[in-house]
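Enquirer: Dumping the structure here so I can ask a few things about it.
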Amino acid sequence: MTLSDPTLLLLGAALVSATPILYAALGELLIERAGVLNLGIEGSMLVGAVTAFMVAHGSGSSLAGMVCAILATAAFGGVFAALVVGLRLNQVVTGLAMTILGSGLSAFLGQSYVGLTLGAAGSAATAASGLYVAGGLACAVLAALFLRYTRPGLLLRTLGENPAALDALGLPVVPLRCLYVILGSGLIGLGGAFISVVLTPSWVENMTAGRGWIALALVIFARWRALWIVAGAVLFGLIDAYRFRAQVGGASWIDPHFLNMLPYVATLVVLGLQSRRSAQGAGTPTLLGVAYDRERR
Amino acid sequence: MNATFPVPPQMNGITAPLCSLVGVTKRFGKIVANDDVTFSVMPGEVVALLGENGAGKSTAMNVLCGLYLPDAGTVEVDERPLVLGSPAASVARGIGMVHQQFKLVLSLTAYENVSLAVDRGRFWQRKRPSGEIERLMAEVGFELDMAKPVWRMSLAERQQLEILRVLAQGARILVLDEPTSVLSPLESERLFMLVRRIIARDRAVILISHKLSEIRQVASRLVVMRGGRVVFEGPASGRTSEEIAGLIVGTRSVCVSPRPSSAKGPDRLTVENLRVKGHSGRDSVRDVSFRVQGGELVAVVGVAGNGQAELLDAIGGQKAPSGGRIVTSDGRKGRRFAFVPAQHLGVALAPGLSIEDNTLLGVHRRRPFSAWMARRDVRRHCRTVQDMFGVAAEPGSPIRRLSGGNLQRIVLGRELVGDPALVVASYPTRGLDIAAAAQIRNALIARAAAGAAVLMASEELEECLTIATRILVMSGGRVVLDRETGQTNLDEIGRFMTAAEAS
């Protein structure tokens, strides 16, 4: 097998396509395991994407772009955490508002960058894409180990299952939830940054094109387990890569639009299968989406 | 974590209190849940904290364990002030509470739950308990499988796990909030033996309970609360249950009418080979058959989780049976008998609707109502329901503002309109204070005396022996004992309740 082997090329392309979704889904996993439903994921990715492009374009360093994207989305996530964990606003409504805010904000900030390219920084980032791909896989393995074998991981699982239990033991529920929303948002931002700096080094309005929603679906598909997220992301990456090749090649026996739809169909099927399981087996954090209020009676 | 705590200071041979609440006041909006609550707990004591629902017992205990921040007052442990509103501070000073709603994570194993409390500061999670936990288990006489996930444990095991966890945290003041409501008499007996062993080491236990017999059995001192205030504090010895009940309810009289005569009428309810599946997919009611005749008041008892709740849910139409038959005397079209589900808010009542609208639920198709709801008829109906048990509240106000006792009064009032010939009530007195419970019991007795068949589930054996004419004991989803009340006693019922556990 050589590097030009079409199968291998397709697999490589699949891994690259999978990476932004992988980062975003892992970020969402941390947030949801902490019991917070973050529907602002698409908005966070866009904030990450536009920040990364602006900084990389200005500084000429793609790495600086990535770091700033993480910081900016972490701050964006901090706002979300303050609203839903601190003020206990409705998580669904607030999350959707964050998505709309993120998409509007990124369009506003990025309007003078439309059509620009990154030049040398872009080609350097594309050359280093393997590092980011490996980084995503490493994050997934680390997340799995963290959840399973560490005490902070146990606390994270408990945050989504029964925060009142942690509180009664004198462990900090609200700070921990905020921490995971911010950390997870940073990872989501990295996923967005990967799109605008590595995948297609440019900025276009709404360029994440629904990858945030796919990541959200992936978390459910993976039943809140990190390694299954990798499997799901790669599966999606394969579909994406195949779709791209089919479009470029012009000939395809499956309509690319049909392929676009598949991840959502898979999610619905998984949800349907899940409904037949007992609550403990399904893996959904029991108190996902419920704000913790100590004195509520 | 398990640092050695200072020995309680001794003054002139008199032991100083382990902890004291001083002038604790806590308001929720306009409601004063605790008003200047002051009492102390000495080492080696079992203090029974008594009072009706809403008397402020749980609020006071939540202040003690740091979950509620009081508006005024202080708490002292070992005569030094405790930082208020911080569960971490309370835990560190040796206060441990076993809440009525267990604070366990169901999806985690028993050990992981204990570990949450004791393994602070480590990074890698241990899978197996340390020798310390094993020693503690041996000391208190528990035999728990620490690798078992909590959702597969019985309620009694979960309670042991909670107690173990609290002790492992180094608690010296153990608060037990209605600990026996999930236990069989034998298990309660074991719990009280444990309580005596715990206090033998200069620790103290605060026990919240509604069951006066157990209080007389185990408590050394009583603290009685009413309307958010401490109204009595004194030794428990030499007090009868009646005296204690009098302290709890104050001046109001509480008496339960005599049990209905056993003149039996026609069959009102026939259950044949009934099977009902529980949450886990296994049968929680297995092959149950019995009849209830007019004039009978039949009580279904058992340790929580042995199928009683599912049986009554199936009869009430809330769960579809997976086999067998339920025959009631009133035809097939809609339920025409009274049904009081175990949970009032959310099942029997819609929390967001007004009292008026709630009194219409289920009867909105009966006369005089039709597709058009005449305001006058609705008002009159609501007044009838409210007057049944004397609930004084504005008909248009949201029902969730009512107290637990009043909610149950509304449910039962609504269901008893039109004098149904069959009444099915699932735990109708659970969580109610003495006065409300007595009123509900009297209503059920009155229905039976008027010739209706009454079937109720209850977790209070003494209640059943007082008011029921017949007792069904369930264990492992089967009816293991079916006796007229006169032909059985507490010991026998207790034996049958725990019978299946051995097999």
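Each reported figure results from applying straightforward, stated rules to the coordinates on display, with no laboratory input. Note that the structure is a prediction, hence the values are computed from the model and not measured. So basically every Cβ, Gly included, is an ideal-geometry build from the backbone, and we count neighbours across all protein chains shown.
Enquirer: For region A:6-282, what is the per residue volume of the convex hull drawn over the alpha-carbon atoms, in cubic angstrom?
Expert: Numbers: hull volume 36.6 nm³, N = 277.
Per residue, the Cα convex hull of region A:6-282 comes to 132 Å³.
Enquirer: Here's another thing I want to ask about it. Once the Cα atoms of helix A:226-249 and of chain A are each reduced to a long axis, what angle between those two axes, in degrees from 0 to 90 to the nearest 10, is obtained?
Expert: The two axes meet at around 30 degrees.
Enquirer: Report relative contact order for region B:267-502 in percent, whole number only (criteria: Cα-Cα under 8 Å, sequence separation at least 6).
Expert: Values: 448 pairs, mean separation 69.2, N = 236.
Normalised by residue count, the contact order of region B:267-502 is 29 percent.
Enquirer: What's the exposure ranking of B:Tyr427, A:Tyr242, going from fewest to most Cβ atoms within 10 Å?
Expert: Ascending number of Cβ neighbours within 10 Å: A:Tyr242, B:Tyr427.
Enquirer: Farthest toward the dipole's positive end in chain B, which of B:Phe28, B:Ala299, B:Gly281, given Cβ charges of +1 (Lys, Arg) and -1 (Asp, Glu) about the Cα centre?
Expert: B:Gly281
Enquirer: Here's a follow-up. Rounded to the nearest 500, what is chain B's calculated 222 nm mean residue ellipticity when only DSSP H runs of at least 4 contribute -39500 (n - 2.57) each, over all residues?
Expert: -9000 deg cm²/dmol
Enquirer: Please give the calculated 222 nm ellipticity per residue for chain A, where each DSSP H segment of at least 4 residues contributes -39500 (n - 2.57) and the sum is spread over every residue; nearest 500 deg cm²/dmol?
Expert: After summing the helix terms and dividing by the residues of chain A, the value is -24000 deg cm²/dmol.
Enquirer: Apply the Karplus parameterisation 6.51 cos²θ - 1.76 cosθ + 1.60, with θ equal to phi minus 60°, to every residue of region B:203-219 and state each ³J(HN,Hα) to the nearest whole Hz, in sequence, with x for glycine and proline.
Expert: 9, 9, 10, 10, 10, 9, 7, 9, 8, 5, 5, 6, 5, 5, 6, 10, 7
Enquirer: Let me ask something else. Where does region A:118-191 land on Rg/Rh, using Cα atoms and the Kirkwood Rh?
Expert: My calculation of the ratio gives 1.17.
Enquirer: May I pose another question? Within 10 Å of each Cβ in peptide A:152-163, how many partner chain Cβ atoms are there on average? Round it to a whole number, please.
Expert: Mean partner shielding for this stretch: 4.
Enquirer: Further question on the same structure: Can you tell me the dipole magnitude for chain B around its Cα centre, using point charges on the Cβ only (Lys, Arg +1; Asp, Glu -1), in Debye to the nearest 20?
Expert: Approximately 1540 debye in magnitude.
Enquirer: Report the full-extension gain for the segment B:Lys148 to B:Glu394: residue separation times 0.36 nm, less the Cα-Cα distance, to one decimal in nm.
Expert: The B:Lys148-B:Glu394 span can extend by a further 83.6 nm.
Enquirer: Relative to the Cα centre, what is the charge dipole magnitude of region B:267-502, using +1 at the beta carbon of each Lys and Arg, -1 at the beta carbon of each Asp and Glu, and rounding to the nearest 20 debye? Don't skip to the end; give the middle numbers.
Expert: On the way: 31 positive and 25 negative charges, 237 e Å.
Computed charge dipole of region B:267-502: roughly 1140 debye.
Enquirer: Just name one of A:Ser185, A:Ser44, A:Ala121: the one whose Cα is farthest towards the positive end of the charge dipole of chain A (beta-carbon charges, Lys/Arg +1, Asp/Glu -1).
Expert: Of the options given, the answer is A:Ser185.
Enquirer: Remind me, relative contact order of region B:154-309 in percent, using alpha carbon pairs under 8 angstrom and six or more residues apart? Write down the numbers at each step before the final one.
Expert: Details: 166 pairs, mean separation 24.8, N = 156.
Taking the mean separation of contacting Cα pairs over the length of region B:154-309, I get 16 percent.
Enquirer: Extending each Cα 7 Å along its Cβ direction at B:Arg376 and A:His257, get the distance between those two points in nm, one decimal.
Expert: Distance between label points: 6.3 nm.
Enquirer: Using the beta-carbon distance between B:Arg325 and B:Leu186 and R0 = 35 Å, what value does 1/(1 + (r/R0)^6) give for FRET efficiency, to the nearest 0.05?
Expert: The value I calculate is 0.55.
Enquirer: For the peptides B:150-159, B:451-460, what is the packing order when you average, over each peptide's residues, the other Cβ atoms within 10 Å and list the highest mean first?
Expert: Ranking, from highest mean packing down: B:451-460, B:150-159.
Enquirer: Additional query: Taking the Cα centre of the protein assembly as shown as origin and charging only Cβ (+1 Lys, Arg; -1 Asp, Glu), how large is the dipole, in debye to the nearest 20?
Expert: Its charge dipole is roughly 1180 debye.
Enquirer: Can you compute 3J(HN,Hα) from phi for each residue in region B:407-424, using the Karplus curve 6.51 cos²θ - 1.76 cosθ + 1.60 with θ = phi - 60°, rounded to whole Hz and x for Gly and Pro?
Expert: My calculation for region B:407-424 gives 4, 5, 5, 5, 4, 5, x, 4, 6, 8, 4, x, 6, x, 7, 9, 10, 10 Hz in order.
Enquirer: Using modelled amide H (1.01 Å from N, peptide plane; none on Pro or chain starts), what sits under 5 Å from the amide H of B:Gly265, excluding residues fewer than 5 places away?
Expert: So B:Gly265 has HN proximity to B:Gly294, B:Gly295, B:Glu296.
Enquirer: List the pairs from B:Lys57/B:Lys103; B:Lys103/B:Lys211; B:Lys103/B:Lys148 whose alpha-carbon separation is above 21 Å, in the order I gave them. Walk me through the numbers on the way to the answer.
Expert: Details: B:Lys57/B:Lys103 18 Å; B:Lys103/B:Lys211 23 Å; B:Lys103/B:Lys148 17 Å.
In this structure, B:Lys103/B:Lys211 lie more than 21 Å apart at Cα.
Enquirer: Please compute the modelled spin-label separation between B:Thr15 and B:Asp387, points set 7 Å along Cα→Cβ, answer in nm with one decimal.
Expert: 5.7 nm
Enquirer: Arranged by the count of other C-beta atoms within 10 angstrom, fewest first, what order do B:Lys103, B:Lys319 take?
Expert: Least to most surrounded, the residues fall as B:Lys319, B:Lys103.
Enquirer: Kirkwood hydrodynamic radius, computed over distinct alpha-carbon pairs, for the protein assembly as shown: how many Å, to one decimal?
Expert: Its Kirkwood hydrodynamic radius stands at 30.0 Å.
Enquirer: Based on DSSP, what percent of beta bridges with both residues in chain B are antiparallel, to the nearest 5?
Expert: Numbers: 42 of 76 bridges.
Counting DSSP beta bridges with both partners in chain B, the antiparallel share is about 55 percent.
Enquirer: Let me ask you something else. Looking only at other chains, what is the average number of their beta-carbon atoms within 10 angstrom of each beta-carbon in A:168-180? Could you put the intermediate results ahead of the total?
Expert: Values: counts 17, 13, 13, 6, 2, 1, 0, 0, 0, 0, 0, 0, 0.
Rounded to a whole number, the mean comes out at 4.
Enquirer: Once the Cβ-Cβ distance between B:Ser220 and B:Arg120 is put in as r, and R0 is 22 Å, what FRET efficiency do you end up with, to the nearest 0.05?
Expert: Once the sixth-power term is evaluated, E becomes 0.10.
Enquirer: Excluding A:Ala13 itself, what net charge comes from residues whose Cβ is under 14 Å from its Cβ, given Lys and Arg +1 and Asp and Glu -1? Each step should come with its number before you reach the end.
Expert: On the way: positive: A:Arg243, A:Arg245; negative: A:Asp5, A:Asp240.
Net local charge, A:Ala13 excluded: 0.
Enquirer: What number does region B:104-170 give for Rg over Rh if you use C-alpha atoms and the Kirkwood radius?
Expert: Details: Rg = 10.9 Å, Rh = 11.8 Å.
Rg divided by Rh gives 0.92.
Enquirer: Follow-up question, since we're still on this one. Considering every residue in B:92-104, what mean count of other chain Cβ atoms within 10 Å of its Cβ is obtained?
Expert: Rounded to a whole number, the mean comes out at 2.
Enquirer: If you rank B:Val276, B:Val195, A:Val47 by fewest surrounding Cβ atoms within 10 Å, what's the result?
Expert: With the fewest neighbours first, B:Val276, B:Val195, A:Val47 line up as B:Val195, B:Val276, A:Val47.
Enquirer: Something else about it: Relative contact order for chain A using alpha-carbon pairs under 8 Å, separation at least 6, rounded to a whole percent?
Expert: The normalised contact order for chain A reaches 37 percent.
Enquirer: Can you compute the modelled spin-label distance between A:Val79 and A:Leu9, with each label point 7 Å from Cα toward Cβ, in nm?
Expert: Between A:Val79 and A:Leu9, the simple spin-label model gives 4.3 nm.
Enquirer: Name all residues of region B:73-114 having a backbone nitrogen under 18 Å from the label point set 7 Å from the Cα of A:Glu295 along its Cα→Cβ direction, giving them as ranges.
Expert: Only B:73-75, B:83-90 pass the distance filter.
Enquirer: Let me ask you something else. Where both residues lie in the protein assembly as shown, what percent of DSSP beta bridges are antiparallel, nearest 5?
Expert: On the way: 44 of 78 bridges.
The antiparallel fraction comes to roughly 55 percent.
Enquirer: Between B:Val22 and B:Glu242, what FRET efficiency follows from the Cβ-Cβ distance if R0 is 30 Å, with the result rounded to 0.05?
Expert: FRET efficiency, B:Val22 to B:Glu242: 0.40.
Enquirer: How tilted is helix B:434-449 with respect to the longest principal axis of chain B? Cα atoms for both, answer in degrees (0 to 90, nearest 10).
Expert: That works out to roughly 30 degrees.
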